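As structure tokens, the structure follows; a few thoughts come after it.
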Amino acid sequence: MNKTLLASTVALLMPLTACAATEANSEKSESRLSREQQAAKTEVWEPVPEVVFFSEIGVPSDATILIGNDLSNWSSVKEGEAKWALQDGVLTVKPGTGDIKTNEAFCDVQLHVEWKVPQPEAGMEGQQRNNSGIFLQQRYEIQVLDSYQNKTYPNGQAASVYKQTIPLVNAMKAPGEWQTYDIIYKAPTFKGEELATKGYVTVIHNGVVVQNHTEIQGTTEWIGAPKYKAHGCAPLQLQDHGNLVSFKNMWVRPL
């Protein structure tokens, strides 16, 4: 090998040798650290999460209580005051008065609500069996229905994303018992009038996951296909379907 070629080869190898030496030094330096020091390199100390406290009935301190001693958090969708019956913290549909909505608007939320259907009257079946609904942003309905031993179309039973997604299981308790929904909702986003990201919802019914990060296909429609239309934060809405469905212990946390 001539001297010129040898010199060129050495020159090319020098950065590689230097790099290998640097890595070796780094590994040696790392090995000198205690396990605690090595572990500390991946610890993140800020921000520190805010401490949440709980009421006697388990309501987090950073939640907004929606059903209390009065209807000040609600108004009628038809305009004016909400006209549903409220007694001892239990809010019951007053048939014919129309849907009610929260006065506050929400986007992404954690929502807790307990609800109860009365014993069905003779001849009540399917969608007529004590029906109501919880509308996220007044557009996307989580069905409320007596689905205890009651045959109906599965994408319309309790805990369905109405007319869109069938719940994973039927977790319904018998009429007269309190049911619980815990809902995690990720609102859709828009760029101008165009949809940027769809909405998603997780529903836990009586402690059982029945909607697992379910994609919302669009607005709830009784007839026709769901669709998206640009909107911002909006109220929660409870449906008057003509039945004496009751709600209590309803609280929400913006996410």
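The values are calculated or read from the model by the stated rules, or taken from the named source; none is laboratory data. Treat the numbers as computed from the prediction; the structure is a model and nothing was measured. Methodologically, a virtual Cβ is constructed for each residue, glycine included, from the backbone with ideal geometry; neighbour enumeration extends over all protein chains shown. The protein model used for the area step is the full one, side chains on, heavy atoms only, and it has no ligands, DNA or RNA in it. Shrake-Rupley method; radii C 1.70, N 1.55, O 1.52, S 1.80 Å.
Assorted remarks:
- The angle between the Cα long axis of helix 3-32 and the main principal axis of the chain comes to about 50°, on a 0 to 90 degree scale.
- Calculated P(r) of the chain - Cα pairs past 28 Å, %: 47
- Cα-based radius of gyration of segment 152-243 once divided by 2.2 N^0.38 Å, which approximates compact folds: 1.17
- The mean of 1/r over all distinct Cα pairs in segment 31-172, once inverted, gives the Kirkwood hydrodynamic radius of 18.8 Å.
- For the listed residue pairs LYS116/LYS198; LYS78/LYS227; LYS173/LYS227; LYS173/LYS198; LYS101/LYS163, the alpha carbons are over 27 angstrom apart in LYS116/LYS198; LYS173/LYS227; LYS173/LYS198.
- Cα gyration tensor category, rounded, prolate or oblate, for segment 34-86 with a/c compared to 1.5: prolate
- Heavy-atom accessible surface of the chain, averaged per residue, reaches 58 Å², computed with a 1.4 Å probe.
- Across the chain, the relative contact order, built from alpha-carbon pairs under 8 Å that are at least six residues apart, equals 25 percent.
- Annotation for segment 77-147: GluC sites (Glu not before Pro) lying in DSSP loop with at most 12 further Cβ atoms inside 10 Å of their Cβ are GLU79, GLU121, GLU125.
- PHE53 versus LEU168: modelled label distance in nm, points set 7 Å from Cα along the beta carbon direction: 3.5
- Residue-averaged 222 nm ellipticity for the chain, from DSSP H runs of 4+ at -39500 (n - 2.57), nearest 500: -5000 deg cm²/dmol
- Using a probe radius of 1.4 angstrom, the carbon and sulfur fraction of the accessible surface of segment 75-184 is 48%.
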